[in-house]
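Structure first, commentary second.
Please treat every number below as a calculation from the coordinates, not as lab data. Worth saying up front: this structure is predicted, and the values here are computed from it rather than measured. In this analysis, Cβ positions are derived from the backbone assuming ideal geometry, glycine residues included, and neighbour counts consider all displayed protein chains.
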Amino acid sequence: MLSASHLKKPRRKPEIEIRLRGSVPLFVLLLSLITVSVCAADSQKPSKSEKPAVPTNTKAPWARIVMIGASASAGFTESEPLGGPTTLQLRLNRYLDAALVTSHEPVRNFSSAMFFMQPEGQGQTQSERALQSNPSLLIALDFLFWFCYGDGPTDKDRLQRFEQGLKLLEPFQCPLIVGDLPDASAAAERMLTADEIPSPAALSAANRRLKEWASARKQTAIIPLSAFMRNAMANKPLTVHGHTLAEGKTRVLLQDDKLHPSPVGCAVLALAIFDSLLSNQSFLSSRDIRWDAREVYQLALRPAGGSSAPAKPVTR
């Protein structure tokens, strides 16, 4: 979700980022609060012998994960509108790779922070590239954002464009995780211009349509991106995989621009994505995921192919 106050194009901006403030101990403390107790979780799960059998025509989706979307997925920070080292640390595929314990190919990320400039063209290109990659799982966290946000003289225009976004997701037969539309009005006049923001009625209608669309596709799960942003903006509790991050501890998940996830937010979003998938695909094992958000965060920020020591948190 990037915008045009940074590039000279219709004033558009990103969809989800963060500049974090605070010391390293604060980050570690916050992430430790999100960590799920493996022992507690396992004690409530059925034994392997009780676990539902995996359908014979279904394979685990971890093998080849592909991402499409805008700046929340591609990585964006206001200090590097055209990309840079901090931007690379915000690419969501890093956190998905870090969260997966099981063997898998590196997550392929076709997302672009320039999505807002031409949603239809970017969406078509990304959809085609993803199809050609033959994914075992498609993650479209913020793919639909600019099909409702951005240009749209009327609610009807926005909803018609939203249908175009849905059509681009229809060819995929693999499991699909798609984010719903958040209320990003808090980012007005910084990341978004007022005329880029859909009315509450249009936003509500688009999310209802998404639920209807997904309900007819058993392989599709919706991740509540709207709840993630709403709770983070209000510093309200947020629950992921049965564990709640307390009130007053969630604002750190969003950057100062009130639109993009911070590095710690990316770690939590990665776990929320996999939690949505497991809720939709009951035969999958939660043991394939590293549910410790602190560990995911640290692993994701290690230098590529680098040392065993975790990278220092990104701070401002």
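Data overview
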quantity: Note, ³J(HN,Hα) from phi for the range 83-91, Karplus 6.51, -1.76, 1.60, rounded to Hz, x at Gly and Pro; calculated: x, x, x, 5, 4, 4, 6, 9, 5
quantity: Under 5 Å, built H, 5+ apart or other chain: amide partners of Val240; calculated: Leu245
quantity: Neighbour-count order for Ile65, Ile223, fewest beta carbons within 10 angstrom listed first; calculated: Ile223, Ile65
quantity: Residues Lys258, Lys167, Lys218, Lys249, sorted so that the one with the fewest Cβ neighbours within 10 Å comes first; calculated: Lys218, Lys167, Lys249, Lys258
quantity: Three-way shape label, the range 187-316, alpha-carbon gyration tensor, a/c 1.5; calculated: oblate
quantity: Ranked by how many other beta carbons lie within 10 Å on average, peptides 267-273, 226-232 from highest; calculated: 267-273, 226-232
